[in-house]
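The values are calculated or read from the model by the stated rules, or taken from the named source; none is laboratory data. Keep in mind the model is a prediction, meaning the values are calculated, not measured. Every residue, glycine as well, gets a Cβ built from its backbone with ideal geometry; the counts of neighbours run over all protein chains shown.
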Amino acid sequence: MSKLNHIVILTGAGISAESGIDTFRSEGGLWEQYPIEQVATPEGFAADPALVHNFYNMRRAALKTVKPNAAHIALAKLEKGLHARGGSLTIITQNVDNLHEQGGAENVIHMHGILTSLLCQFCGHRWESHEDTSPNDSCIACQRRSGPRPDIVWFGEMPYELDRIDQVMSQADLFVSIGTSGAVYPAAGLVSEARRRGTKTLELNLEESQGSYLFDESRLGKAGDIVPKWVAEVLAA
Ligand code: OAD
């Protein structure tokens with residue numbers, strides 16, 4: 001493997017599966033257990049805020065019981081290794097858990113938001129919180145009651161940090177997609193953007209995804225097995 005210095009990685013629910021967090025589109029996954037339109041759209045929140053607060057309270061509480069797995073830890077090692085040789089790693093994650101950070105990664109973009117943050121639907125203030133929330137809560141900035149909502153990008157909303165994502169993509173030598181089905185845009189379109197720029201592309205996933213044919217190389221297996229092996233190859237090169 002030739003020497004790669006600036007790597008951008010897109011991660012999805014599959015990287016956290018071995019930590020015990022449900023993926024979305026597998027059999028029995030989250031979107032079979034809960035209707036998307038109820039818990040992951042602004043309209044669902046407006047219709048029943050208590051139900052939506054409870055859904056994210058449950059997921060936030062579950063975060064306290066899980067640990068990063070070998071794949072998260074390997075990516076943190078890769079970040080340090082690339083940095084030591086003058087390179088960089090940016091992890092763009094669709095995941096709303098904080099397992100990359102718990103595993104030691106620092107340069108992480110949460111394009112779909114994160115469970116440990118709240119957003120005021122009135123004034124737009126965002127702040128860190130690990131506690132349960134309810135429709136009776138008030139915003140810590142504008143004080144308006146019922147302002148706080150989960151800081152999660154719902155369907156129909158704009159993902160975070162698209163400018164920064166574009167900037168890191170423009171500097172990448174390699175784009176890697178790990179544990180995502182490639183079903184949700186704009187994340188699913190990043191591989192095509194990488195190809196357009198002439199950046200090499202690699203997919204690491206349990207099974208073939210909708211966009212596997214777009215990658216220069218696809219390796220299939222569990223993230224906990226194939227990610228540490230790939231990281232060792234990059235760091236040895
Ligand atoms: P999906 O549930 O759509 O896809 C998870 C992918 O991970 C599938 O391709 C699985 O085959 C793969 N997978 C499962 N276990 C794995 C393992 N142990 N190792 C490696 N791969 C594994 O989840 P995402 O692609 O992340 O958005 O979904 C994208 C977005 O859709 C989410 O961010 C969420 C959801 O709606 C929002 O909530 C805005």
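Quick notes
- Filtered residues of the stretch 1-46 (kept if part of a loop (DSSP other than H, G, I, E, B), hydroxyl-bearing (Ser, Thr, Tyr) and either more than 24 Å from Val191 (Cα to Cα) or touching a His at 6+ places or on another chain (Cβ under 8 Å) (or both)): Ser19, Tyr34, Thr41
Matching residues to (1) out of contact with any strand residue (DSSP E or B) (no Cβ under 7 Å at 6 or more places or on another chain); (2) not assigned by TED's automatic domain parsing to the domain that holds Gln167:
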site	(1), (2)
Leu4	no, no
Gly14	no, no
Ala17	yes, no
Gln33	yes, yes
Val39	yes, yes
Gly44	yes, yes
Pro49	yes, yes
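- Of note, Gly104 satisfies the criterion of being surrounded by fewer than 16 Cβ atoms within 10 Å (Cβ to Cβ), in contact (Cβ under 8 Å) with a residue 24 or more places away in the chain, of a type outside the set (Lys, Arg) and not assigned by TED's automatic domain parsing to the domain that holds Thr41.
- Residue, farthest from the ligand (Cβ to nearest atom), within the stretch 10-34, restricted to residues that are of a type in the set (A, V, I, L, M) and in contact with a Phe, Trp or Tyr (Cβ under 8 Å, 6 or more places away or on another chain): Leu10
- Arg149 vs. criteria within 16 Å of the ligand (Cβ to nearest atom), farther than 30 Å from Glu193 by Cα and not aromatic (Phe, Trp, Tyr): yes
Conditions (1) over 15 Å from the mean Cα position of the chain (by Cα); (2) surrounded by fewer than 21 Cβ atoms within 10 Å (Cβ to Cβ); (3) closer than 19 Å to Val96 by Cα; (4) within 14 Å of the ligand (Cβ to nearest atom), marked per residue:
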| site | (1), (2), (3), (4) |
| --- | --- |
| Asp166 | yes, yes, no, no |
| Gly189 | no, yes, no, yes |
| Glu193 | yes, yes, no, no |
| Glu208 | yes, yes, no, yes |
| Ser212 | yes, yes, no, yes |
| Asp225 | yes, yes, no, yes |
| Leu235 | yes, yes, no, no |
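- Filter result (in contact with a strand residue (DSSP E or B) (Cβ under 8 Å, 6 or more places away or on another chain) and surrounded by fewer than 17 Cβ atoms within 10 Å (Cβ to Cβ)) within the stretch 168-186: Gln171, Asp173
- Taken across the stretch 132-142, residues that are away from the ligand (no atom under 13 Å from the Cβ) and outside the structural domain of Trp31 (by TED's automatic domain parsing) do not occur at all.
- Of all residues in the stretch 46-56, those being surrounded by 17 or more Cβ atoms within 10 Å (Cβ to Cβ) and more than 13 Å from the ligand (Cβ to nearest atom) number 2.
- Single match in Ala105, Ala70, Ala84, Ala74 (criterion: modelled with pLDDT of 95 or more and over 22 Å from Ser16 (Cα atoms)): Ala84
- The selection criterion, being in contact (Cβ under 8 Å) with a residue 60 or more places away in the chain, of a type in the set (A, V, I, L, M, F, W, C) and in contact with a Gly (Cβ under 9 Å, 6 or more places away or on another chain), does not hold for Val96.
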